[in-house]
Structures are given as structure tokens and as C-alpha cells.
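What follows is a short report on a single structure.
Each value in this text was obtained by applying a stated rule to the coordinates, not by laboratory testing. If you're wondering where the values come from, they're calculated on a predicted model, not measured in any experiment. So basically every Cβ, Gly included, is an ideal-geometry build from the backbone, and we count neighbours across all protein chains shown.
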Amino acid sequence: QKEEAQAVALRRVRLGLMLTEIGQKNNIQVTEEDTRRAMTEQARRFPGQEQQVIEYYSKNPDALQQLAGPMFEELVMDYILEMAKVTDVEITAEELYAEPETPAAGKAPAKKAKAAGKKAAAKKAPAKKAAGKKAASEKAPAKKAAAKKKTAAKKKSS
């Protein structure tokens with residue numbers, strides 16, 4: 001479990017660094033309106049204490065900055081989704097899990113399809129997010145977790 005946790009942590013750090021770099025290169029910034037929206041959403045999570053939550057964030061710039069981080073990531077993801085060109089490729093499970101060094105002449109196009117399939121699968125879940133941001137954002141992490149479980153189960157059976 002420790003190794004798995006380290007792998008997940010490493011993946012999250014890499015993803016965060018990648019999103020930060022993409023955001024900086026494309027001049028993506030969190031506006032005051034974005035921050036206010038995040039603060040309002042956070043206040044709605046505490047019915048009856050909305051004003052106290054808003055005051056807390058207004059008086060604590062560090063806490064407000066913690067809201068800006070996820071907002072920045074969301075803006076970068078929205079940018080990536082706008083730029084992405086998604087193509088669906090159907091492949092079998094065997095093709096998906098096949099080793100890239102398989103020396104079959106007929107497999108060369110399958111490797112490209114496999115890579116495209118992974119990219120399409122990775123981009124497909126965020127593409128749904130654009131249609132219904134909040135509902136799909138809850139579904140996308142669940143799909144990622146399911147994929148991890150399948151991979152872990154596959155490794156154990158090998």
C-alpha cells in the first residue's frame with residue numbers, strides 16, 4: 001500500500017506541475033470573479049453560516065489562496081478541453097494491455113490505435129466535463145480510480 005500511495009502522490013505532483021506549466025505558458029489566471037464564485041460555493045456548503053465563511057475568507061488571504069489553487073486547475077483543464085480534439089478508437093482489452101515491444105507486423109497499427117485509445121479515453125472523461133462540469137467532475141475521478149483498480153488487479157494476477 002505504501003508503494004501505491006507513493007505512486008499516486010508522485011502522479012498527483014507531476015499532474016500539478018504540468019497543469020501549472022500549461023497555465024503559465026498560456027497566461028491563464030484566476031480572476032477576482034472566479035475567486036468570489038469559489039468563496040460563494042464554499043459558503044453554500046455550510047448552511048446558516050454563509051456570512052461567517054465569507055468573512056473568514058475575506059480576512060484570511062492564505063485561506064482564499066487555497067481556493068484559488070483548485071480554481072486555477074479547473075481553468076487550465078477547461079483550456080485543455082477547448083484545445084483537445086477527441087477521437088474515439090475502439091480496441092480490445094488485450095490490445096490495451098499488450099506490451100509495446102510485441103514484434104508482430106500486424107500489431108504496429110494496433111499500437112498506434114492503443115496509444116490513441118488511451119489518449120481518447122483520457123480526454124473523453126474531461127470532454128463530458130465540459131457539457132456538465134459539476135456532474136462530470138465527480139464522475140471523472142471515479143473513472144480514474146476504477147482504471148487504477150483494474151490495473152492493480154491485472155498486475156496481481158500476473
Residue exposure sequence - Arg44, Arg37 - by fewest surrounding Cβ within 10 Å: Arg44, Arg37
Order of Asp34, Asp62 under a 10 Å beta carbon neighbour criterion, fewest first: Asp62, Asp34
Three-way shape call for the range 1-83 based on the alpha-carbon gyration tensor, with the a/c threshold at 1.5: oblate
Relative packing of 77-86, 63-72, which averages over residues the other C-beta atoms within 10 Å, highest first: 63-72, 77-86
